[in-house]
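Worksheet: the structure to be examined is printed underneath.
The values are calculated or read from the model by the stated rules, or taken from the named source; none is laboratory data. Please read these numbers as outputs of a predicted model, since none were measured by experiment. Counting neighbours? That spans all protein chains shown, and the Cβs are built from the backbone with ideal geometry, glycine included. All accessible areas refer to the heavy atoms of the entire protein, side chains included, with ligands and DNA or RNA removed. Shrake-Rupley method; radii C 1.70, N 1.55, O 1.52, S 1.80 Å.
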Amino acid sequence: MANKEELGVPDVRGLKWLFFDVGDTLVDEWEPVDDIIGQFVKEACLLGYPVKIEEVREIFASCYRNYEQWPMRVAIRTLISDERHREQIQKKLKFRKELEKPFASADAVLKELSHHYRIGIIANQSPGTAERLESYGLRKYVDVLACSAEEGVSKPDPELYAVALKQAGCEPEEAVMIGDRIDNDIIPAKKLGMRTIRILQGYGRFQPELEGQERADWTIEALEQLIPLLVPSEG
């Protein structure tokens, strides 16, 4: 476990709220993402395209390195030459959210942090985030939910962050945003004056670090590192 000196501990005085992204922050999306990649490979091969799963994974990683928003669309466009086949494949692909699962430490981390801060969610999610968090046992720690499907606005639009802050009755300087993506989580939160923590999980870890105002205030490799970073010292 990284210690406070290694992480560069923030001054947590005045900090009241922690806002989390969901996908690849609290919830592991690797299996459903790899599943839909596998679906694509299967459908492509059935149509005579000798696509391999490794090359699709690399396209996904490359998209994140280049800040591309829609890696599956890029993969289809790159590997499928016939437009009719592209449309046929796209229609058959299904992101299976039932394959998602919370990271092993998510419950313990939220439980500990909820003793010191209020917890919020700011996420691009399909309908039913509250119910899914309930099924994971995490909903009880969450005080505010601001999700794209319910709010009608998606990250990286700072408006979704503004909605969350308003619901929380929280000023930006009283909040930290924790997420895996620089483009969706770090940049818009910093524009509003929130502090930010980047977590190197999922494909988001391939996004290259930026400089200046687009750089996360702190970067960690796993949820557990939030405890030494954010739990106030005794005394």
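Using only Cα atoms, find the angle between the long axis of helix 158-168 and the longest principal axis of the chain, and express it within 0 to 90 degrees, rounded to the nearest 10.
Between the helix axis and the principal axis of the chain, the angle is about 40 degrees.
For Lys42, list the lysines whose Cα falls under 16 Å from its own Cα; do not include residues on the same chain fewer than 8 positions away.
Counting by Cα, and skipping residues close in sequence, Lys42 has these lysines nearby: Lys52, Lys91, Lys92, Lys94.
Where a Cα-Cα gap under 30 Å defines reach, which lysines qualify for Lys191, not counting those fewer than 8 residues away within the same chain?
Excluding near neighbours in sequence, the set is Lys4, Lys16, Lys111, Lys140, Lys155, Lys166.
Once you charge only the Cβ atoms, +1 for Lys and Arg and -1 for Asp and Glu, what is the size of the charge dipole of the chain about its Cα centre, to the nearest 20 debye?
Numbers: 31 positive and 42 negative charges, 111 e Å.
Value, rounded to 20: 540 debye.
Could you tell me which label, among [x] 50, 17, 14; [y] 34, 18, 17; [z] 40, 21, 16, carries the value of semi-axes √(5λ) of the Cα gyration tensor in Å calculated for this structure?
Here semi-axes √(5λ) of the Cα gyration tensor in Å agrees with entry [y].
What are the residues whose amide H is under 5 Å from the amide H of Asp180, where those residues sit 5 or more places off or on another chain and H is modelled from the backbone?
Close amide H contacts, sequence-distant or interchain: Ile199.
Could you tell me the center-to-center distance, by alpha carbons, between the range 163-215 and the range 98-137 in angstrom?
With the range 163-215 and the range 98-137 each reduced to a Cα centre, they are spaced 17 Å.
Keeping all protein chains in the complex and leaving out DNA, RNA and ligands, what accessible area do you get for Ser233 with a 1.4 Å probe, in Å² to the nearest 10?
80
Among the aspartates and glutamates, which have Cα under 19 Å from the Cα of Lys101 when same-chain residues fewer than 8 positions away are ignored?
Asp21, Asp24, Asp28, Glu29, Glu31, Asp34, Asp35, Glu131, Glu134, Asp180, Glu221, Glu224
Just to confirm, what accessible area per residue do you get for the range 16-96 at 1.4 Å probe, in whole Å²?
Value for the range 16-96: 53 Å² per residue.
Keeping the other protein chains in place, figure out the carbon and sulfur percent of the accessible area of the range 109-235, with a 1.4 Å probe.
Details: 2580 of 5450 Å².
Carbon and sulfur together cover 47 percent of it.
Once label points are set 7 Å from the Cα along Cα→Cβ at both Glu87 and Glu151, what is their separation, rounded to one decimal in nm?
Each label point is offset 7 Å from its Cα along the Cβ direction, giving 3.5 nm.
For Glu58 and Ile227, what is the calculated FRET efficiency with R₀ set at 41 Å and r taken between the beta-carbons, to the nearest 0.05?
0.75
Could you sort Lys91, Lys140 by accessible area so the largest value comes first, with the probe set to 1.4 Å? Walk me through the intermediate numbers first.
Values: Lys91 175, Lys140 140 Å².
Putting Lys91, Lys140 in descending order of accessible area: Lys91, Lys140.
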